[in-house]
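Enquirer: A single structure is presented below for examination.
Read-outs: derived from the displayed coordinates by stated rules, not from any lab. Fair warning: this is a prediction, and the values are worked out from it, not measured in the lab. Methodologically, a virtual Cβ is constructed for each residue, glycine included, from the backbone with ideal geometry; neighbour enumeration extends over all protein chains shown.
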């Protein structure tokens, strides 16, 4: 087997697995509909919450989300415009606040 057929074989396997996974997802979604299993009022809040919840209890994530909203920076523009040190202070309940502030800044830019 040469390099081209090996690469083609890996790609085909990956494409097949991806198509199969999407098929399973589609059938589950058709049967059960949206599950609303992740807390959040908007897709943006779900995304931000997913970053903040790494290594922390959800109750602390909620405190961080409240801090962002009360500070008026709960938007891509707000996250982009706030200095990273100020953002980190708002994320104090979420631990690893400097790393999470960097991640939020990267998403906003």
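Enquirer: Considering region 51-83 alone, what residues qualify as being closer than 18 Å to residue 106 by Cβ and assigned to a helix (DSSP H, G or I)?
Expert: Of everything in region 51-83, those that are closer than 18 Å to residue 106 by Cβ and assigned to a helix (DSSP H, G or I) turn out to be 51, 52, 64, 68, 76, 77, 78, 79, 80, 81.
Enquirer: So how many residues does region 52-109 have that are crowded, with 20+ Cβ neighbours inside 10 Å, under 26 Å from residue 37 (Cβ atoms) and without any contact (Cβ under 8 Å) to a residue 40 or more places away in the chain?
Expert: 6
Enquirer: Can you name the residue in region 37-50 that is in a loop (DSSP other than H, G, I, E, B) and in contact with a helix residue (DSSP H, G or I) (Cβ under 8 Å, 6 or more places away or on another chain) and is also surrounded by the most Cβ atoms within 10 Å (Cβ to Cβ) among such residues?
Expert: Among those residues, the one meeting the criterion is 40.
Enquirer: In region 51-99, what count of residues is obtained for those that are more than 19 Å from residue 41 (Cβ to Cβ) and out of contact with any helix residue (DSSP H, G or I) (no Cβ under 6 Å at 6 or more places or on another chain)?
Expert: Final tally of qualifying residues: 13.
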